[in-house]
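The values are calculated or read from the model by the stated rules, or taken from the named source; none is laboratory data. Note that the structure is predicted; figures quoted are calculated from it, not measured. No Cβ is skipped: glycine too gets one built from the backbone with ideal geometry, and neighbour counts run over all protein chains shown. Heads up: the accessible areas ignore ligands, DNA and RNA and are worked out on the full protein's heavy atoms, side chains in. Shrake-Rupley method; radii C 1.70, N 1.55, O 1.52, S 1.80 Å.
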Amino acid sequence: MSDFLEPFPLLVMCELVGIPYEDRAQFLSPADAALGALITLPEGRAATRQLRAYAESLPASCRRAPGDNILTSLAHACDRGVVDEESVLAFVLSMLVAGYRTSTMFLANAVPALLTEPDRYARLLRDRSLLPAAVEELLRFLPVQNGVVVLQARQDVTLHGRTVRAGEAVLPVLAAANRDERVFPEADRLVCPGNCSGRGQGFPRKPEAGFRRFSSMWGAGQQRSASPRGSTPQSSSCWAGTWIVLRPYPER
């Protein structure tokens, strides 16, 4: 499965955005380092400088050799003064760092989730029109954007009988909203395909969110023909950690 799920989202992102796939050796390592939590501050700054230098070279490349991609359009828009260089650079950096890894993690969790529901998976195999709604439900059930957002109360606030004092920090668990049964009946169950209309996460607010939906839908469609029928993950599989993004322990 990794032979498909690792390169596929990266290839889709490169094709859409206009980043040469053959340059992946230049940006994969610093992008992974930038996302890592176990690096020193100097290492993080070095990775950021390397990524930024590479990102800064891309608009000029698209001007020299225009293509049918987002970055070429942004470079032309920048030349007309519609957007500025820094905004284009910020878009490229967001794609390099977050534009494909979340899709890889989502697909790696979504495929076993579907295979452990053989009846629903069989229905999805038979009817591709169910795929968009199924992707939305899978994004709700298996959120991959659950980063820490630190808020600070500007005044005393009381919610559900608990008081947050002015100046105190609050760490909301954003993904918990996807399990709110006031919004999603049977929120702790995956209820797709076929009966999950309206259960998705709404319109994407970030470019990488739209890309994740596109690559996830396309990837699930490709996996549709690649997955052997009747093959389901063993219920005794060992998974590393209890975080929302799971990974299997390496086989010994």
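In table form, for the structure just shown:
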| read-out | value |
| --- | --- |
| Number of positions in region 130-156 that are surrounded by fewer than 21 Cβ atoms within 10 Å (Cβ to Cβ), under 21 Å from the mean Cα position of the chain (by Cα), farther than 30 Å from SER29 by Cβ and not hydrophobic (A, V, I, L, M, F, W, C) | 1 |
| Residues of region 4-20 classified as free of Cβ contacts under 8 Å to residues at least 24 places away in the same chain and either on the phi > 0 side of the Ramachandran plot or buried (at least 19 other Cβ atoms within 10 Å of the Cβ) (or both), total | 1 |
| Within region 64-129, helices (runs of 4 or more DSSP H) holding 2 or more residues that are exposed (fewer than 15 other Cβ atoms within 10 Å of the Cβ) | 70-79, 85-98, 118-126 |
| Qualifying residue in region 31-51 (condition: open to solvent by less than 70 Å² (accessible area, probe 1.4 Å), free of Cβ contacts under 8 Å to residues at least 60 places away in the same chain, closer than 22 Å to SER103 by Cβ and part of a loop (DSSP other than H, G, I, E, B)) | yes |
| Every residue from region 163-189 that is open to solvent by less than 50 Å² (accessible area, probe 1.4 Å), assigned to a loop (DSSP other than H, G, I, E, B) and either among the charged types (D, E, K, R) or more than 16 Å from VAL149 (Cα to Cα) (or both) | ASP180, PHE184, ALA187 |
| Failed criterion for VAL83 (all others in (1) closer than 24 Å to ALA31 by Cα; (2) out of contact with any Lys or Arg (no Cβ under 8 Å at 6 or more places or on another chain); (3) β-branched (Val, Ile, Thr) hold) | (1) |
| Residue within region 53-62 that is among the hydroxyl-bearing types (Ser, Thr, Tyr), part of a helix (DSSP H, G or I), on the phi < 0 side of the Ramachandran plot and open to solvent by 60 Å² or more (accessible area, probe 1.4 Å) present | no |
